Amino acid sequence: MRAALSFGLAVAAFAAALPAHGEGIDVARQSYLANLLTQDCGSCHGLTMKGGLGPALLPAALAERDDAVLVETILDGRPGTPMPPWRFELSQQEAAWLVARLREGVR
Ligand code: HEC
């Protein structure tokens, strides 16, 4: 019983250490980023990314945009608009992860 329990814990710890689909971003950081996306980004882009002060970031709205442009927009902001730079907070890889989440659709 005890052996089964510690085996279960070892499996859980191993699974938690695996990046789900965020190459190299650990699960804790992914959950932080997901929260940032709805809370911080959502304060302008809408909790469900349908738009607000900032434009909608739904998959259809981004379909024509290049990943590179979107990552750059997140890292450097858009000068002259309310879109702030996030370089102080996010790595390039994390910005790319956010773009991938937006393309999947944030629910
Ligand atoms: C203070 C308000 C504000 C916050 C906070 C904000 N944005 Fe923006 N964002 C904007 C505005 C306004 C634009 C449109 C800029 C323009 O006119 O080109 C924009 C544009 C964008 C674009 C480009 C959309 C396109 O169609 O080209 C992306 C991607 C984006 N934001 C992602 C994010 C992400 C991810 C976050 C959180 C890390 C975030 N934004 C936080 C206001 C905000």
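The values are calculated or read from the model by the stated rules, or taken from the named source; none is laboratory data. Everything numeric in this text was worked out from a predicted model, so none of it was measured. Note that we place each Cβ from the backbone using ideal geometry, even for glycine, and neighbour counts take in every protein chain shown. Heads up: the accessible areas ignore ligands, DNA and RNA and are worked out on the full protein's heavy atoms, side chains in. Shrake-Rupley method; radii C 1.70, N 1.55, O 1.52, S 1.80 Å.
Out of Leu57, Leu47, report the one residue that is touching a residue at least 40 places away in the same chain (Cβ under 8 Å) and under 14 Å from Gly105 (Cβ atoms). Lay out the reasoning, then the answer.
Numbers: Leu47 fails: touching a residue at least 40 places away in the same chain (Cβ under 8 Å).
On inspection, the qualifying residue turns out to be Leu57.
Which members of the stretch 83-100 meet the condition of being of a type in the set (A, V, I, L, M, F, W, C) and either free of Cβ contacts under 8 Å to residues at least 12 places away in the same chain or not in a loop (DSSP other than H, G, I, E, B) (or both)? Steps first, answer last, please.
We begin by selecting, within the stretch 83-100, every residue of a type in the set (A, V, I, L, M, F, W, C); these are 83, 86, 88, 90, 95-100.
Answer for the stretch 83-100, where residues must be of a type in the set (A, V, I, L, M, F, W, C) and either free of Cβ contacts under 8 Å to residues at least 12 places away in the same chain or not in a loop (DSSP other than H, G, I, E, B) (or both): Phe88, Ala95, Ala96, Trp97, Leu98, Val99, Ala100.
Checking the structure you have, find out if any residue of the stretch 68-82 is near the ligand (Cβ under 7 Å from one of its atoms), more than 23 Å from Ser31 (Cα to Cα) and in contact (Cβ under 8 Å) with a residue 24 or more places away in the chain.
Yes: one or more hits.
Which residue out of Leu62, Leu37 is touching a residue at least 60 places away in the same chain (Cβ under 8 Å), within 8 Å of the ligand (Cβ to nearest atom), out of contact with any strand residue (DSSP E or B) (no Cβ under 6 Å at 6 or more places or on another chain) and not polar (S, T, N, Q)?
Leu37
What number of residues within the stretch 76-107 are at positive phi and either open to solvent by less than 80 Å² (accessible area, probe 1.4 Å) or touching a strand residue (DSSP E or B) at 6+ places or on another chain (Cβ under 9 Å) (or both)?
Applying the first criterion (at positive phi) to the stretch 76-107 yields 77, 80, 105.
Remaining after also requiring either open to solvent by less than 80 Å² (accessible area, probe 1.4 Å) or touching a strand residue (DSSP E or B) at 6+ places or on another chain (Cβ under 9 Å) (or both): 77, 105.
So the count comes out to 2.
Select from the stretch 1-45 the residues that are outside any helix (DSSP H, G or I), open to solvent by less than 80 Å² (accessible area, probe 1.4 Å) and modelled with pLDDT under 55 and write down the one among them that is nearest to Leu58 (Cα to Cα).
Across the stretch 1-45, the extreme among qualifying residues is Ala20.
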